[in-house]
Amino acid sequence: KRHAHPTDETACEPTEIDYPGDHDDEEEDDKGGGERSPSAKRRTFEEEMEYLTKVSPTRYRVKKGFVPNMNVPAEVIVNDGLEKLLEDELKKASGDYSDGGKGGGGGCCGGGRGGGFIPALKQVSNVAALPGIVKVSLAMPDVHSGYGFCIGNVAAFDMDDPEAIISPGGVGFDINCGVRLLRTNLSEEDVGEDVRERLAQSLFDHIPVGVGTKGVIPVSQRDLDEVLHTGIDWALKQGYAWPEDKEHCEENGRMMTADPSKVSKRAKKRGLTQLGTLGAGNHYAEVQVVDEIYDEAAAKRMGIGRVGQVCVMIHSGSRGLGHQVATDALVIMERAMARDGISLNDRQLSCARINSREGQDYLAAMSCAANYAWANRSCMTYLARRAFARVFDRTPEDMDMHLVYDVCHNIAKVERHEVDGVVKTLLVHRKGATRAFPPHHPMIPVDYQFTGQPVLIGGTMGTCSYVLAGTMKETFGSTCHGAGRALSRNASRRRLNYEEVLEHLKERGISIRVASPKLVTEEAPDSYKDVMDVVDTCQEAGISRKVVKLRPIAVVKG
């Protein structure tokens, strides 16, 4: 049976597997699912909880056997409040999944397509059953259910193991969805209510927003191939980026494993018109002010020196191109799994051996989408700098609009990590998780060698965001990426009123421009976990430390 999967805003094409709806920019939610089997033995919530052990104040271990065929344990980093959200999710779904006839008890979805919801604890454990995984399957404090891998999942696979896999579900549909932060020398006093409104409007006028929006950056087919191959280098060549921007991007804004010939014509068609666009969903451009400084030395190295300093945060990814790359790969990997005899707990974990043709082709195409995302955020930075210049009648250089850092949080990358005392070459999947390398790590800029890599944590619309610094403690150099959803998008639309959300933001002195007002309920603060809880948990667990807290004064969304 063939299933229709929408691949753009106007058309559907048949494919061979069910996928999430086509949101070019959103992180998936409500997507976990596999086939239910009414005849399978079901575990009670109490029986499920017997597999969980609290090993520290912020870490829970999920023992093997929680789902079938686990190669390593799973671990979740949460505090008591966030733990309750996970337990409530598990309680609602307990005993509602089959083990696909493999034995090992209930609680895991079967191998079929479509079907029921899988809670995040099950998803992080299903990842622990993938071939070639090393040490542990991890979930960060902002964990919630996603497509295949849960959001917040970190998993590393041994590149020297011929059985090890790469999975598009471990990267996400919005490849290299990420965040960048610009500083300025402006103060909150420079952005009074009238100026704030004009600034919000100027950003809205300059940066195209919304699902399917076309960009204002002219791109030919030849240009697009260069974007996919060189990432931020193309933006630098065209004058859309400053030379120092490149130094302050993860991977220097370019993955060298990119090969544009591995990106489909359909993906390229979708990317051709979307460069320099924000998109919709949880993506935004925000004007923020420094609300609190926790580490003055680290903040100073980032060019952030005082409370009230104005900054700009941009959150976006690879748009429709990245979504299509993921969709194409999942269809191809279905066939590769059948050929290679790869058996999974959840079909949404579709994968291929890393060193297979399919695995290498996806790695090359994913790298292209990552490069597209860095070029996309660079072009929006160019547009944001122009928007500020128009309002303040000053040059971006005069306003010191330098890039603090740019991080990605949906990616798979080859890295070297120590596993049980041995340094291994690993393919680290971070889905809804951010790299957080420590001081003196060779992969971070010279400017941050003594402070650790800046980690940018976007809050929810109208709430605070954070700049952290990396520490590299037992998580393959990873930490959280944001607040993490507490309500699904559908639940948010049912429970919240968009007019009340907009009025609440106005009462807090936040100027907002949004292309689709009715969609703001999906991104309202009540839809998410408390970002302060998430960040405090990361600091308590030692996986990153707080440097700066930012609060929004103007928000632009699709």
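Out of all DSSP beta bridges in the chain, what portion is antiparallel? Express it as a percent rounded to 5.
90 percent
State the Cα centre-to-centre distance between region 500-515 and region 157-180 in whole Å.
For region 500-515 versus region 157-180, the Cα centre distance is 37 Å.
Suppose accessible area is computed on protein heavy atoms with a 1.4 Å probe; arrange S56, S261, S318 from highest to lowest.
Putting S56, S261, S318 in descending order of accessible area: S261, S56, S318.
7 Å from Cα along Cα→Cβ at both R493 and V391: what's the point-to-point distance in nm?
3.1 nm
Please give the charge dipole size of region 445-558, origin at the Cα centre, charges +1 on K and R Cβ atoms and -1 on D and E Cβ atoms. Round to the nearest 20 debye.
260 debye
Out of V310, P73, M461, whose Cα points farthest toward the positive end of the dipole of the chain (charges: +1 Lys, Arg; -1 Asp, Glu; placed on Cβ)?
Checked the options; the winner is P73.
With the other protein chains left in place, how much accessible area per residue, in square angstrom, belongs to the chain at a 1.4 angstrom probe?
The answer is 35 Å² per residue.
Using only DSSP helix segments of four residues or longer, with each worth -39500 (n - 2.57), what per-residue ellipticity at 222 nm results for the chain after dividing by its residue count and rounding to 500?
Roughly -9000 deg cm²/dmol at 222 nm, from the helical runs in the chain.
In region 320-390, with Lys and Arg counted as +1 and Asp and Glu as -1 at Cβ, which of these residues, A352, N371, A384, has the Cα nearest the positive end of the dipole, that is, farthest along it?
A384
Go ahead and run the numbers for FRET between E292 and D400, Cβ-Cβ distance against an R0 of 22 Å, rounding to 0.05.
It comes out at approximately 0.55.
Can you give the relative contact order of the chain as a percent, counting alpha carbon pairs under 8 Å and 6+ residues apart?
That works out to 20 percent.
So how much accessible area does M380 have, in Å² to the nearest 10, using a 1.4 Å probe?
0 Å²
Within a Cβ distance under 12 Å of Y362, other residues only, what is the Lys/Arg minus Asp/Glu net charge?
Around Y362, the surrounding residues sum to -1.
Heavy atoms of the protein only, probe of 1.4 Å, neighbouring chains included. What is the accessible area of Y147 in Å², nearest 10?
0 Å²
Shape call for region 173-298 from the C-alpha gyration tensor, a ≥ b ≥ c root eigenvalues: rounded (a/c under 1.5), prolate (a/b greater than b/c) or oblate?
prolate
Carbon-plus-sulfur fraction of the accessible area of the chain, 1.4 Å probe, in percent?
That share works out to 48 percent.
Explain nothing, just the number: dipole magnitude of the chain about its Cα centre with +1 on each Lys and Arg Cβ and -1 on each Asp and Glu Cβ, in debye rounded to the nearest 20.
Taking the Cα centre of the chain as origin, the dipole is about 1020 debye.
Taking the Cα centre of region 217-337 as origin, sum charge times position over the Cβ atoms of Lys and Arg (+1) and Asp and Glu (-1), and report the length of that vector in debye to the nearest 20.
With only Lys, Arg, Asp and Glu charged at Cβ, the dipole is about 680 debye.
Between Q449 and K265, what length in nm is gained on full extension when 0.36 nm per residue of separation is reduced by their alpha carbon distance?
Extending this stretch completely gives an extra 62.1 nm.
Once ligands and nucleic acids are excluded and a 1.4 Å probe is used, how much of D80 is accessible, expressed in Å² to the nearest 10?
That residue has around 90 Å² of solvent-accessible surface.
Rank T184, G210, L138 by how far each Cα sits towards the positive end of the charge dipole of region 137-224 (+1 on Lys, Arg Cβ; -1 on Asp, Glu Cβ) and give me just the farthest.
So the residue we want is G210.
The values are calculated or read from the model by the stated rules, or taken from the named source; none is laboratory data. Bear in mind that the values here come from a model prediction, so they are computed numbers and not experimental data. As a convention, Cβ positions derive from the backbone with ideal geometry for all residues, glycine included, and neighbour counts pool all protein chains shown. Accessible surface areas use protein heavy atoms only, side chains included; no ligands, DNA or RNA. Shrake-Rupley method; radii C 1.70, N 1.55, O 1.52, S 1.80 Å.
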